[in-house]
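Some notes on the structure that comes next.
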Amino acid sequence: MRILLVALMVVFTAFAGASVRAADLPEYPDVQVPEVDYGLQGGFYLRGSAGANLLWSQQHVGLCGCGSLPPTAAGYGYSIGAGFGYEVGNGLRFDATADYLSNDGLTDGTDTLHLRAGVALANAYYDIPLSSGGSAGGGFGAYVGGGLGAAWYHVNVTPADPTLPDGNGWSPAVAAMAGVTYDAGTWVADLGYRLIYMPVITNNAVAMPSYYLNGNTVNEIRGTVRYRFQ
């Protein structure tokens, strides 16, 4: 019996000591682990653009006894387009665009050219953040880029001249782009410059005299809106 009482007293003392030690321990606040923002990790987007353009040609060659002479004024016009692309998430992005381009007013002093074209390009860009808003919302940025594709066009001249018939053709197209952006997360606004180079524009007349415009550059100021799928 005495042994049992001693054992009970030892157990009671141990529990009492543990309770006292637990009461003496300080209380620690809950630790809140912040969420890590990894920014955009890549995603698809749609885009739409509209802009104004100037067309300049280095040389006009007429195969109707007109000789070779430079244009005396730049043509003026507009373009509208759309595209689909992908952002890698590390500053690189890629898209494919299709644009309708209209231009009038390019002249050699006698005849004035009217150009209507569809331009398809595969493009690559590098985005440069200019503010601390990050890649996923609320920040200004800039970009540079380039593109490669083709243009399919229709041309005619005024005043109407039976020796200079209307014509259709196509040309390789090379583009260079640069601009500034505002990133609002889902939406990105873009104001940029694009240069499109087309080596040759011609009416491709078969049975009648042809004319060729060599070294053509289209200079555009364009506004673009991109919508991200998130």
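How much net charge surrounds residue 53 when only other residues with a Cβ under 14 Å from its Cβ are counted (Lys, Arg +1; Asp, Glu -1)?
Neighbourhood net charge equals 0.
Accessible area per residue, 1.4 Å probe, Å², for the range 82-206: what's the number?
Dividing the accessible area of the range 82-206 by its residue count gives 45 Å².
For the range 142-230, just say rounded, prolate or oblate: build the C-alpha gyration tensor, square-root its eigenvalues into a ≥ b ≥ c, call rounded for a/c under 1.5, and beyond that prolate if a/b exceeds b/c, oblate if not. Before the final figure, lay out each step's value.
Working: a/c = 3.27, a/b = 2.96, b/c = 1.10.
The shape class here is prolate.
Could you look at the range 131-205 and say what percent of its accessible area is carbon and sulfur, using a 1.4 Å probe and all protein chains? List each step's numbers first, then the result.
Numbers: 2400 of 3400 Å².
Its accessible area is 71 percent carbon and sulfur atoms.
What does the charge count near residue 77 come to, summing +1 for each Lys or Arg and -1 for each Asp or Glu among other residues with Cβ under 10 Å from its Cβ?
Numbers: positive: 116; negative: 104, 220.
Value of the local net charge: -1.
If we count every other residue with Cβ under 12 angstrom of residue 152's Cβ, Lys/Arg +1 and Asp/Glu -1, where does the sum land?
Summing Lys/Arg as +1 and Asp/Glu as -1 gives 0.
The values are calculated or read from the model by the stated rules, or taken from the named source; none is laboratory data. As the structure is a prediction and not an experimental result, all values here were calculated from the model. Note that each Cβ is placed from the backbone with ideal geometry, even for glycine, and that neighbours are counted across all protein chains shown. All accessible areas refer to the heavy atoms of the entire protein, side chains included, with ligands and DNA or RNA removed. Shrake-Rupley method; radii C 1.70, N 1.55, O 1.52, S 1.80 Å.
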